[in-house]
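Laboratory data are not the source of any read-out in this text; all were calculated from the coordinates shown. As the structure is a computational prediction, the values presented were derived from the model and not from experiment. A quick note on method: Cβ atoms are made from the backbone with ideal geometry, for glycine too, and the neighbour counts reach across all protein chains shown.
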Amino acid sequence: MVARLPFSVFRFPILRLRAFVQTGIGEYAERELPVPRPGPGEAVVRVHAAVICGTDIKLLKRGHARIALPRTMGHELCGEVAAVGDGGDPALLGARVVPGISGPCGACPECLGGFSNLCESGHADQTWGAFAEYVRVPASVVRTNLHRVPEGLPAAAAAFVDPLASVLHGWNRLRPLPRGSPVLVYGAGAIAFLWAATARLQGVRCVIAARRPERRAVAESFGADFLDVSGGRPAESGLAPAAAAIDATGDPDVWSRLPFLVSPGGKVLLYGGCAPGATASFDAARLHYAEISLIGSFHSTPGEAAEALALLASGAVDPLPLLTATGRLADLPAFLEAQARGDGLRHAIRPDAG
Ligand SMILES: [Zn+2]
Ligand SMILES: [Zn+2]
């Protein structure tokens, strides 16, 4: 059996890997590190494609209270299982997979209450380190949140499972919505377009409101109407009241404004994560007399990740137009800089391409 043979001989052609490691706030470096060996129940995945997410840029800029540095960057990936640890399923070897970030326990009050996305132990050991040739996948993720990628789905498209799943989670948080009603998405990054790409499947119309008029054509290509709010507040008065408004900016000022952009009885989804310590204020009268619901949304469940993968595999959602460029691992610094400047949408690297 292949699984019983020494992994280093058969599945690891190299002993050291190249990785981009965040070393401090605003600092990162290319490093040579030992190829991880899988612990019990863990897997090691050879990264075929990794996509730079807005979260990667935010972490680099401002760090994260729960993420200790140094740490290899990147978390949206697709790859091939190169090794499984003791107790792992040998049938996984060679499979193309997308690992989720967290592996919910299935037994805590959050998991049992339908909030497995919030499972604390599931987040204690995350899949992190996609900007490298190999990445370790925690045992909890292998157990509950590792998804086989159907043949024919390109790795770069499959790497969009995580952001798409978090959008599907947001839709689940917003349900029910009146059929055919307009839903406003505030922001024009790649995530906003994933909202647009899935709105039709939810039976609603998407309006993207953003300060970047040059993104109108992309919005329309994903089936959304576009509202230019670069002029600030007055331009927003041209907006038909929406049944729901979704923040895709992580800007507390936008959070504060959204209750005024939905109809009475409307819902506001606080989707974009704000900086650590940020606070947002809301007009109390608006929330009260118009019965506006403020709804948080974070991460996704393994079921939503599976659903996201199915949408990508069937072609119902095609994220590839969101990829401004694809390059090699060495292209990462240029891609990080471009994405931080707001140049282009998403960038993908193929660490296995050298
Ligand atoms: Zn992400
Ligand atoms: Zn749990």
*Whole-Å distance, taken between Cα centres, linking segment 298-346 and segment 196-211*: 18
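Over the alpha-carbon set of segment 239-354, divide Rg by the Kirkwood Rh and report the Rg/Rh ratio to two decimals.
Numbers: Rg = 18.5 Å, Rh = 17.2 Å.
Taking Rh as the inverse mean 1/r over Cα pairs, Rg/Rh reads 1.08.
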*What is the pair-distance distribution P(r) of the chain, computed from all Cα-Cα distances in 10 Å bins starting at 0, with each bin given as a whole percent?*
5, 24, 33, 24, 10, 3, 0
*With Cα atoms, 0 to 90° folded angle of helix 332-341 axis to the chain main axis*: 10
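Quick one: what do you get for segment 189-299 if you divide its Cα Rg by 2.2 N^0.38 Å? Write down the numbers at each step before the final one.
Working: Rg = 13.6 Å, N = 111, 2.2 N^0.38 = 13.2 Å.
Scaled against compact globular proteins, the figure is 1.03.
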*Using only Cα atoms, find the angle between the long axis of helix 302-314 and the longest principal axis of the chain, and express it within 0 to 90 degrees, rounded to the nearest 10.*
90
*In segment 90-177, which GluC sites (Glu not before Pro) are in a loop and have at most 13 other Cβ atoms within 10 Å, using DSSP for the loop call?*
151
_Longest to shortest principal axis, alpha-carbon extents of segment 1-141, angstrom_ = 44, 41, 20
*For n ≥ 4 DSSP H runs only, could you compute -39500 (n - 2.57) per run for the chain, divide by its residues and tell me the 222 nm figure to the nearest 500?*
-7000 deg cm²/dmol
*Radius of gyration and Dmax over the Cα atoms of segment 113-249, both given in Å*: 17.7, 52
_Choice from 145, 172, 117 with maximal GNM fluctuation in the chain (Cα, 10 Å cutoff)_ = 172
*Once all Cα-Cα distances of segment 169-248 are split into 5 Å bins that start at 0, what whole-number percent is in each one?*
3, 17, 30, 26, 15, 7, 1
_For segment 124-175 and segment 70-86, distance of Cα centres in Å_ = 11
